[in-house]
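What follows is a set of notes on a single structure, which appears directly below.
The values are calculated or read from the model by the stated rules, or taken from the named source; none is laboratory data. Source: prediction; values computed, not measured. Note: ideal-geometry Cβ built from the backbone for every residue, glycine included; neighbour counts use all protein chains shown.
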Ligand SMILES: C[S@@+](CC[C@H](N)C(=O)[O-])C[C@H]1O[C@@H](n2cnc3c(N)ncnc32)[C@H](O)[C@@H]1O
């Protein structure tokens, strides 16, 4: 199955995320109607990591999921949050310092992760795969750096099941207005909203995960399909 889209410039995308970073938490809260933190808590739960685990949070953004995972692995383990936007990583580091949590944040591209094979007990991704032209490359890298038996968790904002067109239209109209109010960059945020429609339906994401070497795949939808949480285990 091919889910690849027409390629666009990764450099432009990264620059757009750098522009978004200062307002990201506020706008993400609007896009998820305040439910995003609960969804990330559910993602941390199914990552199923205990004290001492080694965890990678891909597409970490401002670090919210990575910090929840850091609480679970304690100082006996380690969480690395990775993102290709330096501005996002700066904010994640500030958040970790402000909340006295131990978490490493690094700038890197998820399509070419700078980690050895089988390095992590769990690899998570919240809201980043949909910005890749070919999500299977990102999932493949997540699987490569996870150990056999390691957990893979993918949380994505998705168009609600019965309102695909309406939802996309509402986001396209509402997002620039909200961002103007918050004095952010409307075009950069419009791209973020538009990318919600890029995620394939849940069964196709599960099929992609299987093709990338993940088994025991389960998924759960939140708020009528506004977000979908997939998880599974790297096949030995
Ligand atoms: C929608 S935000 C999600 C942030 C965060 N994980 C959350 O739950 O809110 C997507 C993030 O993925 C990052 N990103 C997109 N493509 C990437 C890539 N190829 N490599 C690394 N980071 C990427 C962006 O910079 C952005 O911070």
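Conditions first: (1) touching a residue at least 12 places away in the same chain (Cβ under 8 Å); (2) within 16 Å of the ligand (Cβ to nearest atom); (3) over 20 Å from residue 15 (Cβ atoms). Residue 111 passes all but one, so which condition is the exception?
Answer for residue 111: the failing condition is (3).
Out of everything in the range 65-91 that is part of a helix (DSSP H, G or I) and near the ligand (Cβ under 9 Å from one of its atoms), what residue ends up being nearest to the chain's Cα centre (by Cα)? Spell out how you get there, then give the answer.
So in the range 65-91, the residues part of a helix (DSSP H, G or I) come out as 65-73, 86-91.
Filter once more, so that each one left must be near the ligand (Cβ under 9 Å from one of its atoms): 65-66, 87-89.
On the way: 65: 9, 66: 10, 87: 16, 88: 13, 89: 14 Å.
Among residues in the range 65-91 that are part of a helix (DSSP H, G or I) and near the ligand (Cβ under 9 Å from one of its atoms), the one nearest to the chain's Cα centre (by Cα) is 65.
Residue by residue, here is whether (1) more than 12 Å from the ligand (Cβ to nearest atom); (2) within 24 Å of residue 207 (Cα to Cα); (3) modelled with pLDDT of 95 or more; (4) exposed (fewer than 14 other Cβ atoms within 10 Å of the Cβ) holds:
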| site | (1), (2), (3), (4) |
| --- | --- |
| 2 | yes, yes, no, yes |
| 5 | yes, yes, no, yes |
| 12 | no, no, no, yes |
| 16 | no, no, no, no |
| 19 | no, no, no, no |
| 24 | no, no, no, no |
| 36 | no, no, yes, no |
| 41 | no, no, yes, yes |
| 46 | yes, yes, yes, no |
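Name the residue that is farthest from residue 206 (Cα to Cα), counting only residues in the range 100-140 that are in contact with a strand residue (DSSP E or B) (Cβ under 8 Å, 6 or more places away or on another chain) and in a helix (DSSP H, G or I).
Top of the filtered list is 110.
Can you spot a residue in the range 53-60 that is more than 22 Å from residue 115 (Cβ to Cβ) and in a loop (DSSP other than H, G, I, E, B)? Don't jump to the end; show me each part of the working.
Residues of the range 53-60 that are more than 22 Å from residue 115 (Cβ to Cβ), as a first pass: none.
No, because not a single residue in the range 53-60 is more than 22 Å from residue 115 (Cβ to Cβ) and in a loop (DSSP other than H, G, I, E, B).
Among the residues of the range 172-179, is there at least one that is at pLDDT below 70, within 19 Å of the chain's Cα centre (by Cα), buried (at least 17 other Cβ atoms within 10 Å of the Cβ) and part of a helix (DSSP H, G or I)?
no
Based on what the data block shows, is residue 98 within 12 Å of the ligand (Cβ to nearest atom) and either modelled with pLDDT of 95 or more or in contact with a helix residue (DSSP H, G or I) (Cβ under 6 Å, 6 or more places away or on another chain) (or both)?
On the way: within 12 Å of the ligand (Cβ to nearest atom): no; either modelled with pLDDT of 95 or more or in contact with a helix residue (DSSP H, G or I) (Cβ under 6 Å, 6 or more places away or on another chain) (or both): yes.
No.
Can you pull out every residue in the range 198-236 that is crowded, with 17+ Cβ neighbours inside 10 Å and out of contact with any helix residue (DSSP H, G or I) (no Cβ under 9 Å at 6 or more places or on another chain)?
Passing the criteria: 206, 233.
In the range 190-210, how many are assigned to a helix (DSSP H, G or I) and either under 13 Å from residue 127 (Cβ atoms) or touching a residue at least 40 places away in the same chain (Cβ under 8 Å) (or both)?
Narrowing the range 190-210 to residues assigned to a helix (DSSP H, G or I): 190-198, 202-210.
From what is left, the residues that are either under 13 Å from residue 127 (Cβ atoms) or touching a residue at least 40 places away in the same chain (Cβ under 8 Å) (or both) are 191-193, 195-196, 198, 202, 204-205, 207-209.
Summing the residues that are assigned to a helix (DSSP H, G or I) and either under 13 Å from residue 127 (Cβ atoms) or touching a residue at least 40 places away in the same chain (Cβ under 8 Å) (or both) in the range 190-210 gives 12.
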